[in-house]
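Taken together, the values in this text are just the output of simple stated rules run on the coordinates, not laboratory data. None of the values given here were measured: they were computed from a predicted structure. Methodologically, a virtual Cβ is constructed for each residue, glycine included, from the backbone with ideal geometry; neighbour enumeration extends over all protein chains shown.
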Amino acid sequence: MKYAKEYAVLVVGAGHAGLEAALSCARLGLDTLLLTLNLDTIGKMSCNPAIGGPGKSQLVREIDALGGEMARAADATFLQLKMLNLSKGPAVHSLRAQSDRAGYMRYMKKLAENTPRLDVKQAEVTELILAGRIFQGVKTKMGFEYYARAVILTTGTFLRGEIFIGLESTPAGRLGEFPADALTASLNAHGIRTGRLKTGTTPRLDRRTIDFTKLQEEPGLEEKHFFSFETEGSLRPQQPCYLARTNPRSHEMIRANLDRSPLYQGMINAVGPRYCPSIEDKVVRFADKDSHHLFIEPESADTNEMYVQGFSTSLPYDVQLKVLRTIPGLENVEIMRPGYAVAYDFIYPEQLTRSLKLREFTGIFAAGQINGTSGYEEAAAQGLIAGINAARFVCGQGPFCLTREESYTGTLIDDLITKEIREPYRMMTSRSEYRLFLRQDNAEDRLLEKGRAAGLISAQRHQKFKHSREKIEAEKIRLAEFKVLPNKKNTEFLLSLGEKLTKPSSGAELLRRQKISLLSLKELGFSTVLSSAEAEKLEIEVKYSAYLTEVEQQIRYAQDAEKKKIPPELDYDAIIGLRQEAREKLKKVRPETVGQASRIAGVNPADISILLVWLRRLL
Ligand code: FAD
């Protein structure tokens, strides 16, 4: 049955990707329909209710700078905030929130239901309706047909989802939730290639059965930091997390039960994330370690369920319980929900363009776990980009793409479409060659103008950002002009920091030294007029100016290669001298630029030279 209302965009799935996608389309003024399996699980965090951390806080701040929602939702619903990696350089400083899972879902559900031009309905999408390769609509299990100009697929871990606890397996997208079994066949029938991945989660423990006196308490931040550049106000009271440790007895128990592990019995025919191994994997792979850290973290203010970070497992329920009870503080623990592994279908992402559209089709976009990634932040960043691009496609505008040089979001998408992803892809700071430049503090500097151009940043916010930037630049001038003389008071103070002062120096020169901060310059008479966030930016920009200049140079080189476009229809078979392996890889990935071509595994610098000569002949 054809549904009477026609939409501009359909979004399939209301997880982290689907929400950002649907909200951005509706905010850009398009009639949008969000279809999802269960209206009670909108924005659910399937695994740890935590947002941010290394590589991911940068993504959250980028989402915020582009006009997405995740940062505001995380600020509204955190139970604890922490700044990770403070002992390392600013490139890897990362804000992390322990979120209130129930609160986050309530926030997102309320927002989605009250966003103008956005309709939200519970339905399972079972088929795509195409005319040739052009998207027309979707069919649902109840027999409705919804029509629109574009669709964004964000099905997470639900396509033919199957969960494993010990040697038992059940069809499910998450524990206790139905899978979406039909859609993969429709995708395959239209020629969209899919593969199989897996991920896992930890058991949830009853707070009342944990002896917290035996665990190490991990308090939250004292200094104010938020994810969104727009969040104001003071820090709310925070809940502690706790540190526990496994021991040789726990490991022995795991080893003794590997014959009941679906992973080690070859039952899971899918690839898991190397960087997020299960506890049984850690015990086998790092056999020389006799202890692993576990963080016991609250799931919500309204529940006794506690999450055990570091204990993802698909061992049988009774083994999970026995192993946990070997850990000091958990001797009498009760499990409220067991840990499990889930295997699911994903789309091979090399079929996508940089705008997250399926290359061979008109009007079909995909974002999130379905593209082979793992993580809420990775999903949300893609959802936002797919949403903006679906809206632009409907309005007849060109694609909106981000580059590696300006963002982790661009890096993520470039990796997805260029490298052959065969395990769940998670963002890490080491994925970026420009990480000193791609920091969480400067996400607005890098991307706010783009968010404004995309139509998701208000004039008021744009103005506020410009004003703040002007203040920082004026302060840099004041700092360069501020003179510190080598008198007794100043030299003694600097000596106490381990620094010498032998000649008159400017505030900027002193700030470039390792041990001198903006705060310490206050003792020398320089009081800043900046807010703490602005002061942080200024300090990093001045202290690391030499390195940043080098990175900027590197970025300019990279941009030259990115400017060299490759025609989408280029006939690689006609290029004389190209090695067969490079020819095959180039035909498969169909890079959009010479820069992208140079990052494909199996394409070497000699192949790029041949390609460049060929392109020059074509022009
Ligand atoms: P999801 O959040 O999964 O949302 C998918 C949405 O699509 C759901 O709302 C679902 O109802 C809907 N849907 C699916 N199919 C259909 C259909 N046919 N019709 C209508 N609606 C549909 N990430 C980490 O970073 N670290 C981890 O350790 C980790 N462990 C995980 C463990 C488990 C068991 C699971 C399930 C996930 C784990 N994740 C982990 C991944 C994290 O949950 C996802 O990366 C993130 O939620 C992906 O967001 P998404 O929007 O792509 O998909």
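Looking at the stretch 175-278, the GluC sites (Glu not before Pro) that sit in a DSSP loop and have at most 10 other Cβ atoms within 10 Å of their own Cβ are GLU222, GLU223, GLU232. Among 266-274, 592-600, the peptide with the highest mean count of other Cβ atoms within 10 Å heads the list, and the full ranking is 592-600, 266-274. Remark: relative contact order (the chain) = 16 percent; criterion is Cα-Cα distance under 8 angstrom and separation of 6 or more residues. Using only side-chain charges placed at the Cβ, +1 for Lys and Arg and -1 for Asp and Glu, the dipole size of the chain relative to its Cα centre rounds to 1000 debye. Helical content of the chain, expressed as a calculated mean residue ellipticity at 222 nm, amounts to -10500 deg cm²/dmol (DSSP H runs of 4 or more residues, -39,500 (n - 2.57) each, divided by residue number, nearest 500). Sorting the segments 385-392, 98-105 by their residues' average number of neighbouring beta-carbon atoms within 10 angstrom, most packed first, yields 385-392, 98-105.
Indicate the helices, whole DSSP H runs only, in the chain that combine a mean Kyte-Doolittle hydropathy of -0.5 or more with a Cα extent along their long axis of 24 angstrom or more. Going by DSSP H runs, the hits are 376-394. Using a cutoff of 8 angstrom between alpha carbon atoms and counting only pairs six or more residues apart, the relative contact order for the stretch 272-312 works out to 39 percent.
Simple point charges give the picture: +1 on the Cβ of Lys and Arg, -1 on the Cβ of Asp and Glu, and for the stretch 474-581 a dipole about the Cα centre of about 860 debye. Using the Cβ-Cβ distance between ARG274 and THR491 with R0 set to 56 Å, the FRET efficiency works out to roughly 0.60.
What is the sum of charges, Lys and Arg at +1 and Asp and Glu at -1, for the other residues whose Cβ falls under 12 Å from the Cβ of SER496? After counting each charged neighbour, the total is 0. For the listed peptides 293-300, 131-138, a ranking on the average number of other beta carbons within 10 Å per residue, highest first, reads 293-300, 131-138. According to the square roots a ≥ b ≥ c of the eigenvalues of the Cα gyration tensor, what is the shape class of the chain, taking rounded for a/c under 1.5, prolate for a/b larger than b/c otherwise, and oblate for the remainder? Oblate shape, in that a/c is at least 1.5 and b/c is the bigger or equal ratio.
A Cβ-based charge dipole, computed about the Cα centre of the stretch 19-170 with Lys and Arg at +1 and Asp and Glu at -1, lands at about 320 debye.
Entry note, the stretch 267-343: relative contact order of 27 percent, from Cα contacts under 8 Å with a spacing of 6+ residues.
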